[in-house]
Amino acid sequence: MREAKEGILILGGGFAGSYVARLLGAGGATIVSLENFMLYTPMLVEAASGTLEPRHSVVPLRAMCPHAELILGRVRGLDRSRRIVTVETDTSTVDIHYARLVIALGAVIRTLPIPGLDVHALGFKSLEDAIALRNHVLRKLEQADAEEDPGRAESHLTFVFVGGGYAGVEAVGELSDLVHDALRYYPRLQERRRRWVLVEAEPRILHEIPASLGQYAARELKRRGIDIRVSTLLEAVNPGSVRFSDGTTLPTETVVWTAGVRPHPLVADWGIPVDERGRVKVDETLRVEGFDNIFALGDCAAVPNAATPGHVDPPTCQHALRQARRLARNLRSRPAPYHYRMLGQVATLGRFKGIAEVIGLRFHGFLGWFVTRSYHLYQLPMPSRKLRVVADWTVSLFFRRDIVQVSGHHEPLVSVSGPDEA
Ligand SMILES: Cc1cc2nc3c(=O)[nH]c(=O)nc-3n(C[C@H](O)[C@H](O)[C@H](O)COP(=O)(O)OP(=O)(O)OC[C@H]3O[C@@H](n4cnc5c(N)ncnc54)[C@H](O)[C@@H]3O)c2cc1C
C-alpha cells in the first residue's frame, strides 16, 4: 500500500489534473496518469499538420509539477470506504491510500452506433491519434500517386471529417493545408481531383460561437474547396466508401470522427453521483455531492459556475484550467465557490487564417489567426515549451512543411467502448 503525497491523490494528468498539481505548489500531491505529459489539445491539430513538432504540443508532467509525485498507470478501481485507488502500472498493481481524492479523468471519444465507424474511422483526441492521422494522410498521397486507376486515386484523395465543432473545423483546415503544400512534390497528383468534406448534424458549423464568426469560417473553408454538408449525418462507413443521411455515397478511405466526447466511463461505476450525461455531480466548490473528501473537475464533471447560473461549464481547456485554480485554492484553504466568466474563443483555420472572439471583440482572417496563436502561446505552461513552439512556428513561416511519414505508430481507430471498457 502506498500513501498519496500530502494525502492528495489526483486521477488524471490532463489539463485539469496537471494544473491542480502545479498550483498546489510546494506541498505537492500524487498524480496518476496514463502518460507522463499533459497534452495541450489546442495545438494537437498543428502537431498533425506538421507546423509543430508533435512532442512540442505536450508538456512533461514531472517538469510542469516538480513538487508532485507521478505514478504512470491506469486507474482501475476505487474503494471509497477504505479510501484506496487501485492502479495498474506496467509492472504491477498498486493500491494508493488517499485523504482527499481529485477526479480529473477527462473524457473519451463519443461515438454513435453507425455501421463500420469503429472499424474504419480514425479518432482525433490523443497525440497518438494526431501522429496516426498525419501518417495516414501522407500514406494516402503515396497510394494515390502509385495508383493507375483515376477513380481509385480520387478515392485515396477524398477525406471526410465528421463533426463541425472546433476539432473538426481546425483539423480539416490544417490537414487540407498539409496536402496542399505536400502536392508540390507529387506532380502526378496535381491534376487529380481532391475532395475534403466536413459533415455536421446541426444547421451550421461552429454553433458554439457567434454566427458571424461561424459564417466567416464556413466561407473561408468553402473558398478553399472544402465541401461543408450541414444538417447531414454519417450513416455508414464501408471499406472504401461512406454513406450520408441525404442518400449520397462517397468513395473514400479516410473518415475522421471528431463529433464529440463523453465523460470518462469509469466514474459511473464508482457509486458517486453522475448526471444524465455521465458527468460527476459537484457543488460550487468542486466537491462531489455527498462526499467530503472527493472532488471532480474538467471534462468528467458537471461543474456549476457562479458566473453562469443554471449552466454547468462546457468541456474546454479554459474552463478546466480555471476550475483547477479554484480547486487548488480550495484544497489549501477555506473553500470558496467557483466563478469564471469566459474571456473568449479562438480557432485556427490553417493558411494564416483564424477566428477569435476576445472580451466581446471579434477578429477573423490574419488577425484572428494571430490572436489565436498568441493566446495559446500565453496559456502554454513553462517558458521552455513556449520557446520550442515559437521556434517551430518561425521555421514553418520560412521553410516548407515537413512531409515525412514517421513509421512505428499504429493507427488508433475510433473506439466505441472507450479506453477502460475494452
Ligand atoms: C482535438 C481537440 C482539440 C481541442 N481544442 C480545444 C481548444 O482549442 N480550446 C479548448 O478550450 N478546449 C479544447 N479541447 C477540449 C480540451 O482538451 C478539454 O476540455 C480538456 O483537455 C479537459 O481537461 P481534462 O483534464 O478534464 O481532460 P484531459 O485533458 O483529457 O485529461 C484526462 C487525463 O486523464 C488521464 N486518464 C484517462 N483515463 C485514465 C485512467 N484510466 N487512468 C489514469 N489516467 C487516465 C489521461 O491520460 C489524461 O491525462 C480540445 C479537445 C480535443 C480532443
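With respect to the conditions (1) more than 30 Å from ARG332 (Cα to Cα); (2) away from the ligand (no atom under 16 Å from the Cβ); (3) surrounded by fewer than 21 Cβ atoms within 10 Å (Cβ to Cβ), ILE114 lacks only one, and its number is (3). Is it the case that region 376-388 has a residue that's in a strand (DSSP E or B), within 24 Å of PRO315 (Cβ to Cβ) and touching a Ser or Thr at 6+ places or on another chain (Cβ under 9 Å)? No - not one qualifying residue is present in region 376-388. Inside region 69-82, can you point out the residues that are more than 24 Å from the chain's Cα centre (by Cα) and either surrounded by fewer than 18 Cβ atoms within 10 Å (Cβ to Cβ) or under 13 Å from THR30 (Cβ atoms) (or both)? Scanning region 69-82 gives GLU69, GLY77, ASP79, ARG80, SER81, ARG82.
Just to be sure, is GLY106 within 15 Å of the chain's Cα centre (by Cα), near the ligand (Cβ under 9 Å from one of its atoms), of a type in the set (Gly, Ala, Ser) and buried (at least 17 other Cβ atoms within 10 Å of the Cβ)? In short, yes. Could you tell me whether any residue of region 212-226 is in contact with a helix residue (DSSP H, G or I) (Cβ under 7 Å, 6 or more places away or on another chain) and assigned to a strand (DSSP E or B)? Looking through region 212-226, at least one residue is in contact with a helix residue (DSSP H, G or I) (Cβ under 7 Å, 6 or more places away or on another chain) and assigned to a strand (DSSP E or B).
Candidates are the residues of region 314-327 that are more than 9 Å from the ligand (Cβ to nearest atom) and buried (at least 21 other Cβ atoms within 10 Å of the Cβ); the one that is nearest to GLY12 (Cα to Cα) is LEU327.
Screening ILE8 on (1) closer than 20 Å to ARG287 by Cα; (2) within 13 Å of the ligand (Cβ to nearest atom); (3) touching a helix residue (DSSP H, G or I) at 6+ places or on another chain (Cβ under 8 Å) shows it passes everything except condition (2). Scanning region 154-200 for residues that are in a strand (DSSP E or B) and touching a helix residue (DSSP H, G or I) at 6+ places or on another chain (Cβ under 6 Å) yields a count of 3.
Matching residues to (1) within 21 Å of ARG243 (Cβ to Cβ); (2) of a type outside the set (A, V, I, L, M, F, W, C); (3) in the same structural domain as HIS136 (by TED's automatic domain parsing):
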site	(1), (2), (3)
GLY173	no, yes, yes
VAL179	no, no, yes
VAL197	yes, no, yes
ILE209	no, no, yes
GLY214	no, yes, yes
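In region 90-97, is there at least one residue being outside the structural domain of ILE209 (by TED's automatic domain parsing) and in contact with a helix residue (DSSP H, G or I) (Cβ under 9 Å, 6 or more places away or on another chain)? Yes, region 90-97 has at least one match.
Would you say SER57 is surrounded by 23 or more Cβ atoms within 10 Å (Cβ to Cβ), within 13 Å of ASP392 (Cβ to Cβ), within 11 Å of the ligand (Cβ to nearest atom) and under 22 Å from the mean Cα position of the chain (by Cα)?
Details: surrounded by 23 or more Cβ atoms within 10 Å (Cβ to Cβ): yes; within 13 Å of ASP392 (Cβ to Cβ): yes; within 11 Å of the ligand (Cβ to nearest atom): yes; under 22 Å from the mean Cα position of the chain (by Cα): yes.
Criteria met by SER57.
The set of residues in region 271-304 being in a loop (DSSP other than H, G, I, E, B) and within 16 Å of the ligand (Cβ to nearest atom) consists of ILE272, ASP275, ARG277, GLY278, ARG279, LEU286, LEU297, VAL303.
If you go through region 91-103 and pick out every residue that is within 13 Å of the ligand (Cβ to nearest atom) and either modelled with pLDDT under 95 or over 21 Å from GLU35 (Cβ atoms) (or both), you end up with 0.
The values are calculated or read from the model by the stated rules, or taken from the named source; none is laboratory data. Predicted, not measured: the structure shown is a model, and the values here were computed from it. All Cβ positions, glycine included, derive from the backbone under ideal geometry; neighbour counts span all protein chains shown.
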